[in-house]
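Structure record follows, encoded as structure tokens.
The values are calculated or read from the model by the stated rules, or taken from the named source; none is laboratory data. Remember, predicted model here, so these are calculated numbers, not experimental data. Every residue, glycine as well, gets a Cβ built from its backbone with ideal geometry; the counts of neighbours run over all protein chains shown. All accessible areas refer to the heavy atoms of the entire protein, side chains included, with ligands and DNA or RNA removed. Shrake-Rupley method; radii C 1.70, N 1.55, O 1.52, S 1.80 Å.
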Amino acid sequence: MKKKTFVEIFYKNAGYVAVVLISLVYITSSLIRIQQTGKTVGEIIATGVLSMIVGILINGIFRSIGIQRGESDERTVATEKLHSETVDEIAPYIDQLDEYCESETKREIKKIRCKILAREGLSYKECFDDDGVSKEPTLDASAKKIYRKKMKAYKKAVNLSIKPLTASNLTAEGANADDPFNFGKTKKQYTSGQNATDLVIRAIMAIVFGYFGVTLVSEVDVASIIWNTLQIVMYVAGGVMQMYMSCMWLVNDYRHNKIRKIDILQKFKACAEVKAQDGRVDPCGAATLLSHCDISPQRGITSPTEEGNREECIENG
């Protein structure tokens, strides 16, 4: 049995560590009396800014540790490997991927529009033609409340906008329920959210250390040491939680979005293989193939039999 390292034990119990640290801060606060410092406004600003910078740096370090832990997680490693292998597998059909993406985007828009309209008792055919061009439905305006609701749903369906599915999105890095082809943030985007503040923080640090100087205190102020220690402990507790959340984001959200890409790529591969084997001009036939076939991302075309579904795809393609 592999012996766990201290880092692994610490990470596994990160939440408990944060709770213990926060609890210790509260208990230790009973040893001191919080009161005004008597400092000038400039001294308060300088001390506050320095404290803020220390907190941000600690938080950033823990966030980086969390990202590294998430990247080395066996689930993330396996997903990244499968995505890379899937991209290699579709290489012979890559010239067909753009057309497939465009088709899938149109199909998904129609699917979402149908849901929006159905909530208010409207059908897709009432509001759109076969090419997806909108046409105002014929509604009974006498029931004003119902009419307003239906018109609101119609306008929402007409103005629907989702991020289009593209080949680069599927094969490179980078979701939400209302935008099915928005694959969320990349690792770079997630970590660079803090980079925008880095320049500001460094500028503030330059001003603080340039404008203010320090002198040694004549006597050691134990109360001040305890107070600063409490701040550091609070920052560390927050950093531990940030580390845990960063790792969970990468293992759960980021990895989930990669799995969605793999599913779409494997569906595309199944379509492309039908085209290659049967000589069809367009077996994926816009979205027709997917609507008539049960395509599994792991096994290709399945149920009731692989060959039976292949024939159904060709007939309906």
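Counted residue by residue at 0.36 nm each, then reduced by the alpha carbon distance between them, the extension gain from Met248 to Ala276 reaches 6.0 nm. Viscosity 1.002 mPa s, temperature 20 °C: give me the Stokes-Einstein translational D for the stretch 50-153 in µm²/s, with Rh taken as the Kirkwood radius over C-alpha pairs. Reported coefficient: 111 µm²/s. Take the Cβ atoms of Gln68 and Tyr93, set R0 to 51 Å, and the FRET efficiency comes out at 0.90. The listed peptides 232-242, 113-123, ordered by packing as a protection proxy, come out as 232-242, 113-123 (highest mean of other Cβ atoms within 10 Å first).
Inter-label distance, Leu24 to Arg148: 6.0 nm, where each label sits 7 Å from its Cα along the C-beta direction.
Heavy-atom accessible area, probed at 1.4 angstrom with all protein chains present, ranks Arg75, Arg107, Arg255 as Arg75, Arg107, Arg255, highest first.
Among the listed pairs Lys125/Lys150; Lys115/Lys258; Lys152/Lys261, those with a Cα-Cα distance over 23 Å are Lys115/Lys258; Lys152/Lys261. Per residue, the solvent-accessible area of the stretch 13-103 (1.4 Å probe, heavy atoms of protein chains only, all protein chains present) comes to 65 Å².
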